[in-house]
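S.K.: Once you've had a glance at the structure underneath, I'll fire off some questions.
The values are calculated or read from the model by the stated rules, or taken from the named source; none is laboratory data. Keep in mind that this is a model prediction, so the values were computed, not measured. Positions of Cβ are backbone-derived with ideal geometry, glycine not excepted, and every protein chain shown enters the neighbour counts.
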Amino acid sequence: MQSAVFTNAYAGAANCAPSRAVLMSGQHPMSHGIYTVGTSARGKSEDRAIIPVENKLVLPDSTITFAETLKSSGYKTSIFGKWHLGENPATQGFDEVKAGTPGRKNHFAPFNLKRFPEGEEGEYLTDRIGKEASDFIRREKDNPFFLYLPFFSIHTKLLGKPETVSKYKAIDPIDGQGSNADYAAMVEHVDDAVGQVLAALSENGLMENTMVVFTSDNGGIAYLSRQWPLRAGKGSYYEGGIRVPMLFYWKGKISGLKSDVPISFIDLYPTLLELMKITPQEKLALQGSSLANVILGEKPKMSQIDRALYWHFPIYLEAYNGVGDDSRDIFFRTRPGTVMRKGKWKMHEYFEHGEIELFDLSQDPGERINLATVLPEKTRELNEEMIRWRKENGAPVPTQRNPDYKAK
């Protein structure tokens, strides 16, 4: 193993736009207002007991993004892929922009992306993104650069290259995984594109002077790719929706290690600045913590092990596939609430009717056994801490009842 791998790594949110906003801003969603994609009132109105908080679609210009901080520190900044945080990444600190938000069927050219060069008929988008990123590395090899590479894959509609899909159709699924040949093919295409980028770094003598971070903006869709033993998937704040892979590679600087210290997207901004030894020119309102010492192989501090991580989502996300989503009910992947993880404990509080769930992740990583009534003192202690956090951070709690609601 050549990377620092975190086994308890978390996305900034359970779906794409808010998770990426947390990554770029180093702030929780209530600080920038991006909670989801599109409207926060997802699903049928008759199934929503309260009126959710309004959602924003654009990262405010007042937010000092990670890209802006690196740009002001002398880095050439670039994005190739999916932005999803406004009209133009150039207004948020990116020098070179080849990005956009495609339709669900545009994995093959014509891509129809406003700020991405069109490809020849049938060209595969993941391949093209890998090529564009590799070309950027070759051009900027003599300068410090930041390359943000958010692939559109893996995302529905699932479409792999026909020859790769055929290969996976000939392989029997194992324990329910691999039953969708397009899904498997898309994973391989991303692997190939990442390999292309790493090869460009190696060929240009940059491996020992470049840090590579690999992660995902949310868990997989539950009914398409099981997250077992974790519960649910994309859109849910059970572990299957927010637990993600996260590794840091830096040849000669980071040794291979595996850490179970919890880390979240909220921590990446301060962590990377410390690893890169960058002192920002402007005062930043970052809300995460640096785990640079853990990545460099030092013993974690107790405060890093036992601190609380939070996800606040005063919104609704409709179900994809009912029972197949493995959520609390068949109508929504998530309902308005707050989730915290502290040590081995995971607490969910839902705002509609005040429900609380408490899980011991060390014994129950699938969040199946609710201990809230079994351990009332621990439940009260953690809930009081959660309430204090919401008040201190100005996290809105929707309370207005929805007149369309029909209890079922």
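S.K.: Here is a list: I34, I64. Which entry is in contact (Cβ under 8 Å) with a residue 60 or more places away in the chain and of a type in the set (V, I, T)?
M.R.: On the way: I34 fails: in contact (Cβ under 8 Å) with a residue 60 or more places away in the chain.
None of the others qualify; the one that does is I64.
S.K.: What are the residues in segment 357-395 that are surrounded by fewer than 16 Cβ atoms within 10 Å (Cβ to Cβ), touching a helix residue (DSSP H, G or I) at 6+ places or on another chain (Cβ under 9 Å) and either of a type in the set (G, A, S) or in contact (Cβ under 8 Å) with a residue 40 or more places away in the chain (or both), if any?
M.R.: Correct list: N393, G394.
S.K.: Kindly indicate whether any position in segment 245-264 is assigned by TED's automatic domain parsing to the domain that holds Y10, surrounded by 15 or more Cβ atoms within 10 Å (Cβ to Cβ) and part of a helix (DSSP H, G or I).
M.R.: For segment 245-264, residues assigned by TED's automatic domain parsing to the domain that holds Y10, surrounded by 15 or more Cβ atoms within 10 Å (Cβ to Cβ) and part of a helix (DSSP H, G or I): absent.
S.K.: Does segment 232-239 contain any residue that is aliphatic (A, V, I, L, M), assigned to a loop (DSSP other than H, G, I, E, B) and under 17 Å from the mean Cα position of the chain (by Cα)?
M.R.: Yes, some residue in segment 232-239 is aliphatic (A, V, I, L, M), assigned to a loop (DSSP other than H, G, I, E, B) and under 17 Å from the mean Cα position of the chain (by Cα).
S.K.: Ok, one more. Any residue at all in segment 148-165 that's modelled with pLDDT under 95, assigned to a loop (DSSP other than H, G, I, E, B) and at positive phi?
M.R.: The answer is no, given that none of the residues of segment 148-165 is modelled with pLDDT under 95, assigned to a loop (DSSP other than H, G, I, E, B) and at positive phi.
S.K.: Inside segment 176-198, can you point out the residues that are free of Cβ contacts under 8 Å to residues at least 40 places away in the same chain and either crowded, with 19+ Cβ neighbours inside 10 Å or of a type outside the set (G, A, S) (or both)?
M.R.: Of everything in segment 176-198, those that are free of Cβ contacts under 8 Å to residues at least 40 places away in the same chain and either crowded, with 19+ Cβ neighbours inside 10 Å or of a type outside the set (G, A, S) (or both) turn out to be A181, D182, A184, A185, V187, E188, D191, L198.
S.K.: For G160, indicate whether it is assigned by TED's automatic domain parsing to the domain that holds V197, free of Cβ contacts under 8 Å to residues at least 60 places away in the same chain, crowded, with 17+ Cβ neighbours inside 10 Å and within 21 Å of G195 (Cα to Cα). Give the derivation first.
M.R.: Values: assigned by TED's automatic domain parsing to the domain that holds V197: yes; free of Cβ contacts under 8 Å to residues at least 60 places away in the same chain: yes; crowded, with 17+ Cβ neighbours inside 10 Å: yes; within 21 Å of G195 (Cα to Cα): yes.
So G160 passes the test.
S.K.: Could you check segment 56-83 and list, in sequence order, the residues that are among the polar types (S, T, N, Q), within 19 Å of K98 (Cβ to Cβ) and touching an Asp or Glu at 6+ places or on another chain (Cβ under 9 Å)?
M.R.: Just the residues of segment 56-83 that are among the polar types (S, T, N, Q), to begin with: 62-63, 65, 69, 72-73, 77-78.
When the remaining residues are screened for being within 19 Å of K98 (Cβ to Cβ), the result is 65, 77-78.
Correct list: T77, S78.
S.K.: Among (1) surrounded by 15 or more Cβ atoms within 10 Å (Cβ to Cβ); (2) in contact (Cβ under 8 Å) with a residue 24 or more places away in the chain; (3) more than 20 Å from the chain's Cα centre (by Cα), which single condition is N293 missing?
M.R.: (2)
S.K.: Okay, next question. For segment 145-185, which positions are closer than 16 Å to R226 by Cα and touching a Lys or Arg at 6+ places or on another chain (Cβ under 9 Å)?
M.R.: H155, T156, D175, G176, Q177, A181, D182, A184
S.K.: Among what's in segment 66-99 and is β-branched (V, I, T) and touching a Lys or Arg at 6+ places or on another chain (Cβ under 9 Å), pick the residue that is nearest to L149 (Cα to Cα).
M.R.: My answer is I79.
S.K.: Further question: Within segment 60-93, can you find the residues that are modelled with pLDDT of 95 or more, of a type in the set (A, V, I, L, M, F, W, C) and within 15 Å of Q27 (Cβ to Cβ)?
M.R.: Matches in segment 60-93: I64, F66, A67.
S.K.: Looking at segment 338-350, I want the residues that are within 17 Å of S362 (Cα to Cα) and have a partner that is surrounded by fewer than 19 Cβ atoms within 10 Å (Cβ to Cβ) with Cβ atoms under 6 Å, at least 6 apart or on another chain. Which pairs are those?
M.R.: As it stands, the answer is M340/A308; K342/A308; G343/D306; K344/D360; K344/L361; K344/S362; K346/L361, since those pairs meet every condition given.
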